[in-house]
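Here's the structure, in structure tokens; my notes come after.
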Amino acid sequence: MEQSTILMPNFRNLGVVLRALVLVHLGVLIYVFISINRWNEWINKLTEISLWVEPVLLISLAGLAVISAPLQKMNYQNAVISVLIWVFCVALSISNLFQNLIPLEHSVVPWRFEFIALCVTFLLLHYYQLWIRALSPRLAEARLVALQARIRPHFFFNSLNAVLSLIRSQPKLAERLLENLSELFRVAMGTETGLSTMAREVELAQGYLEIEKVRLGDRLQVEWHIDKMPKNALIPPLILQPLLENAIYHGIEPNIEPGIIQLNIFRVREEVHINIRNPLLNSTPLRRGNGMAQENVRERLLLYYDAEANLSINTGNDYYQIHIMLPYREL
């Protein structure tokens with residue numbers, strides 16, 4: 001990874017915060033069990049250490065969450081220095097405040113507490129970089145799987161047949177369908193790794209559904225509830241179309257009667273919600289599916305947003321619904 005591409009972790013991300021809390025507390029427990037002479041001392045020792053560690057940890061994380069956005073725009077080395085300075089100032093303040101109130105064993109050693117805080121912070125930052133580097137190949141692989149899932153032979157040939165059937169009777173519609181198909185393939189085969197916008201993803205989904213509408217006719221009905229959609233919200237690319245394709249494959253194609261696919265996108269405070277619902281036919285055996293699209297979307301949400309996003313499935317007697325929740329980030 002090039003130095004210029006290294007970014008600070010997003011300290012507003014729930015996963016980043018939870019990892020810091022877990023790792024620091026795990027380190028405290030290990031230190032306590034190593035330093036005690038008798039087992040009955042561990043509770044007092046843990047309490048003593050926690051009274052010093054908890055304020056520094058919580059105040060440092062709170063401050064880093066406030067300045068997270070500026071940190072991510074800075075040069076990585078300058079950002080690291082800024083983080084270390086902030087943690088040192090917090091540790092020094094807590095040390096001066098608690099020195100007389102809650103004496104810490106061996107605290108007579110100059111700067112011992114502050115030095116440990118800096119070392120732990122540096123190790124955590126290094127851990128986050130290793131973690132990000134480990135995720136980068138997985139993200140590229142996930143995008144490749146999404147590409148393979150999108151360009152399925154049956155979709156490609158069915159779309160071409162639909163266009164061919166319209167060339168003479170409705171040439172303008174055939175031209176628009178070819179443009180939609182070309183746009184889908186262009187985006188799918190693109191090399192960009194950044195986030196798309198909700199408006200762009202909806203536009204691609206509408207183009208895809210227009211193609212399927214020609215093939216399935218009145219059997220495919222679509223209800224769009226996007227009047228409250230945050231158009232500039234950032235979203236991983238290649239999210240909606242594979243899920244809509246699954247909805248058609250399992251909910252529309254097996255039924256000879258018309259079926260409705262509902263897509264509802266809205267924002268609640270700092271969260272974006274996406275609901276995709278399709279009919280579930282009790283009288284028709286469930287078509288076998290490998291779940292590739294859902295698992296791929298779930299994995300990419302994890303890679304982009306960590307614990308802040310999730311994909312859940314809800315089924316009823318006559319419907320199957322996928323719900324996606326991700327944090328609101330505006331372009």
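The values are calculated or read from the model by the stated rules, or taken from the named source; none is laboratory data. Keep in mind it's a predicted model, so treat the numbers as computed, not measured. Note that we place each Cβ from the backbone using ideal geometry, even for glycine, and neighbour counts take in every protein chain shown. Ligands, DNA and RNA are stripped out before the accessible areas are found, and what is left, the full protein with its side chains, is counted by its heavy atoms. Shrake-Rupley method; radii C 1.70, N 1.55, O 1.52, S 1.80 Å.
General remarks:
- Hits in segment 194-226 (condition: surrounded by 19 or more Cβ atoms within 10 Å (Cβ to Cβ) and aromatic (Phe, Trp, Tyr)): TYR208
- Of all residues in segment 103-130 being more than 30 Å from the chain's Cα centre (by Cα) and surrounded by fewer than 12 Cβ atoms within 10 Å (Cβ to Cβ), the one that is modelled with the lowest pLDDT: VAL108
- The set of residues in segment 227-259 being over 20 Å from SER312 (Cα atoms), touching a strand residue (DSSP E or B) at 6+ places or on another chain (Cβ under 6 Å) and open to solvent by 10 Å² or more (accessible area, probe 1.4 Å) consists of LYS228, PRO230, ASN232, PRO258.
- Restricting segment 298-317 to residues that are among the aliphatic types (A, V, I, L, M) and over 16 Å from ALA233 (Cβ atoms), the residue that is farthest from the chain's Cα centre (by Cα): ILE313
- Test for LEU144: is it among the hydrophobic types (A, V, I, L, M, F, W, C), at pLDDT 70 or above, more than 30 Å from ILE30 (Cβ to Cβ) and open to solvent by 40 Å² or more (accessible area, probe 1.4 Å): no
- Selection status of LYS213, modelled with pLDDT of 90 or more and of a type in the set (D, E, K, R): no
- Check on GLN206, out of contact with any Pro (no Cβ under 8 Å at 6 or more places or on another chain) and among the polar types (S, T, N, Q): yes
- Within segment 260-270, the only residue that satisfies the criterion of being exposed (fewer than 14 other Cβ atoms within 10 Å of the Cβ) and modelled with pLDDT of 90 or more is VAL268.
- Residue tally, condition β-branched (Val, Ile, Thr) and open to solvent by less than 30 Å² (accessible area, probe 1.4 Å), over segment 294-322: 2
- Near pairs, Cβ below 7 angstrom, 6+ apart or cross-chain, from segment 195-208 (at negative phi and among the acidic types (Asp, Glu)) to any residue that is open to solvent by less than 10 Å² (accessible area, probe 1.4 Å) and in a helix (DSSP H, G or I): GLU201/LEU240
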